[in-house]
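Q: Can you keep this structure in mind? I'll have questions shortly.
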Amino acid sequence: MGLFRAKWTDQIHEEWISNLLKHRNDLTLEKLTRTKNLMNEAVPDCLVRGYEPLISGLDLPDKDDCHVLAAAIHCNAAAISLST
């Protein structure tokens, strides 16, 4: 068994794709969608679903991060890896 199990949500995918499209003119939605699909295929059981009801009960300094915490709580994550 591996050292960790990567988890993410469709909403997390939407965020990174949107941010890359804003800042990287050399990338296209088609290329990034392919990457997203390859990520989902490469990591078994990676997508977290059913976390959405938890979002409204969370209070973070950046409200836009509540969906990440809700997903982590829902799948009993031991840690959250953040990128800057």
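The values are calculated or read from the model by the stated rules, or taken from the named source; none is laboratory data. No experiment lies behind these values; they were computed from the predicted model shown. Glycine also receives a Cβ, built like all others from the backbone with ideal geometry; neighbour counts cover every protein chain displayed.
Q: Identify all residues within segment 30-42 that are of a type outside the set (K, R) and either loosely packed, with under 12 Cβ neighbours inside 10 Å or modelled with pLDDT under 95 (or both); write none if there are none. Break it down stepwise before answering.
A: As a first pass, look at segment 30-42 and keep what is of a type outside the set (K, R): 30, 32-33, 35, 37-42.
Across segment 30-42, the qualifying residues are E30, N37, L38, E41, A42.
Q: A further question follows. Mind listing whichever residues of segment 8-55 are within 24 Å of A78 (Cβ to Cβ) and among the hydroxyl-bearing types (S, T, Y)?
A: T9, Y51
Q: Is there a residue being surrounded by 15 or more Cβ atoms within 10 Å (Cβ to Cβ) and polar (S, T, N, Q) anywhere in segment 7-16?
A: yes
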